[in-house]
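The values are calculated or read from the model by the stated rules, or taken from the named source; none is laboratory data. The model shown is predicted, which means the values in this text are computed figures rather than measured ones. Cβ placement follows ideal geometry from the backbone for every residue including glycine, while neighbour counts extend to all protein chains displayed.
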Amino acid sequence: MNQLNKIALVVSKVLEVLHWIGAAAAAGLLVCAVVAGDWICGILTRVMPELGKNLSVYGYEMTAVGADGKVRYAAVILFSIGAVLILSLMAMVFRNIYLIFKTAKGKTWFSKGSTPFQKDITRMVREIGIFYIAVPAAGLIMSGISRLVLGTEFAEISVNLEGFITGILILCLSQIFAYGAQLQNDVDGLL
């Protein structure tokens, strides 16, 4: 079990870093699109035939290539904004997973011993649930904005129900952790 925790710790940190890198790349794409839109759209027009016409991240998907075969400037900007937001939220999910494992082992400065039933762990689990709900919500909002700005042929509104359901389940799990933390405090108070 200890080996499995170490693997989960490493994987969560790697995924956090990869999501932050993705968010930074999307922010770089956004800056390039705003500063040098023609240049970046020209590069993407040459690259997109190999990649396909769609840009997608965690269910937020949009068609970037118009009927003329060229990448739309506004599509790149709107997709980049959504990608930065969504990838940052998912990076925070993996950050909290990493911190939960460290805190439960008593290896963070705010740990209250080696127990999973702590207020900070309850808060982090609750935040994970909120982030999981925020990812499809951000995708839905950005899809709606993209559809208004670009038209119906470029952006499709889709709802990722899995993200909402997972977020709600994690919020329920946080209530169990809150109850466990309360029991842990009661037991510690009796000793």
**Message:** Just to be sure I understand, how many residues within the stretch 58-86 are of a type in the set (A, V, I, L, M), in contact with a Lys or Arg (Cβ under 8 Å, 6 or more places away or on another chain) and either outside any strand (DSSP E or B) or surrounded by 23 or more Cβ atoms within 10 Å (Cβ to Cβ) (or both)?
**Reply:** 1
**Request:** May I ask you to list the residues in the stretch 1-47 that are small (Gly, Ala, Ser) and either more than 20 Å from LEU89 (Cβ to Cβ) or in contact (Cβ under 8 Å) with a residue 60 or more places away in the chain (or both)?
**Result:** ALA8, SER12, GLY22, ALA23, ALA26, ALA33, ALA36, GLY37, GLY42
**Prompt:** Which residues, taken from the stretch 149-187, are within 14 Å of THR63 (Cα to Cα) and part of a helix (DSSP H, G or I)?
**Reply:** VAL149, LEU150
**Asked** Do we find a residue being within 19 Å of the chain's Cα centre (by Cα), of a type in the set (Val, Ile, Thr) and at pLDDT 90 or above anywhere in the stretch 132-140?
**Response** yes
**Single match in PHE154, PHE131 (criterion: closer than 15 Å to ALA83 by Cα, aromatic (Phe, Trp, Tyr) and in contact (Cβ under 8 Å) with a residue 40 or more places away in the chain)** = PHE131
**Request:** Given the conditions (1) at pLDDT 90 or above; (2) under 30 Å from ALA181 (Cα atoms); (3) surrounded by fewer than 21 Cβ atoms within 10 Å (Cβ to Cβ), report the number of the one that ARG95 does not fulfil.
**Result:** (3)
**Complete:** Result of the Cβ filter at 7 Å on the stretch 136-148, keeping first residues that are in contact (Cβ under 8 Å) with a residue 24 or more places away in the chain and partners that are among the hydrophobic types (A, V, I, L, M, F, W, C) and surrounded by fewer than 16 Cβ atoms within 10 Å (Cβ to Cβ), at least 6 apart or interchain, is PRO136/VAL159; SER143/ILE157
